[in-house]
Every structure is written in C-alpha cells, then in structure tokens.
C-alpha cells in the first residue's frame, strides 16, 4: 500500500474559488443594499448606471484580488536560508578582528580568523558561521 506522504499537497484551488465567488456575491449584494436602501435614506439619489459601474469595478477588483492571492499562495516555501559559507563578502567596517561585512545586500557581523586588520572595501571569504556571526578570512576562495 502506497503512503500518502509521497503525494504533493492539494492546492485547494476549487475551494478558494468557491469561497471567492461567494464572498464577491455578498459584497455585490451589500453594494446593491447600500444603493437601494441606505443612500435614499440619506437623501442621495444615484442613477442605475452608477450602481452598475460600482458593481463592475468592485467585481474587477475582486478578480484581481483573487488572482494575486492565488499566485501568492502558489509560490513555494523556502525551507531555510542558504548557507553563506564559501561566499565572498565586502567589508563595510574594518575587521580588527570584529567588524561588519555585506553579502548579497545583507549586513552581517564578522570575525576575522586570520591575519591582520582588513580595511573597508576589501573582500573576505566566509569560512564558518556561529549564530549570527560569520567567521571570515582575507581574500577570495581558493
């Protein structure tokens, strides 16, 4: 007997579509109720084409909202951050031996493991990671 664990998870697209249509119908009904009963009580008399225009605009917004939400839910989860070990970083505050480096737009605390002070703008290679502190050595990887 095959295990269900090997099957990919269901997307539930049909359920989301059904709920989206139901929600949009309720929202359209609320717009109609506002036009039919609430606005006349306030002395505001809008013509029928304004109701149709409002409902079409709200319907278009609902479709765009559904498409964007479905697209966002379809993006795969990132299981974890990629390891910075082996990456080349640029020094943004001098490493003597502690300072900061930048890798792919992110700023990290770094500890220089060998050699003397490394100046701003020089490149270092990440050799290890301890918590949120990177261990680095001078230069590019071999």
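The values are calculated or read from the model by the stated rules, or taken from the named source; none is laboratory data. Here the structure is a predicted model, which means the values were calculated and not measured. Cβ coordinates were reconstructed from backbone atoms using ideal geometry, including for glycine residues, and neighbour counts include every protein chain displayed.
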Item to complete: Just give me the residues in segment 99-119 being under 32 Å from the mean Cα position of the chain (by Cα) and exposed (fewer than 13 other Cβ atoms within 10 Å of the Cβ), in sequence order.
Response: 104, 105, 106, 107
Practice prompt. Would you check if residue 44 is assigned to a helix (DSSP H, G or I), at pLDDT 90 or above and not assigned by TED's automatic domain parsing to the domain that holds residue 106?
Written response: no
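Yes/no matrix, rows are residues, columns are (1) modelled with pLDDT under 95; (2) touching a helix residue (DSSP H, G or I) at 6+ places or on another chain (Cβ under 8 Å); (3) more than 30 Å from residue 113 (Cα to Cα):
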position	(1), (2), (3)
1	yes, no, yes
7	yes, no, yes
11	yes, yes, yes
15	yes, no, yes
18	yes, no, yes
30	no, no, yes
84	yes, no, no
89	yes, no, no
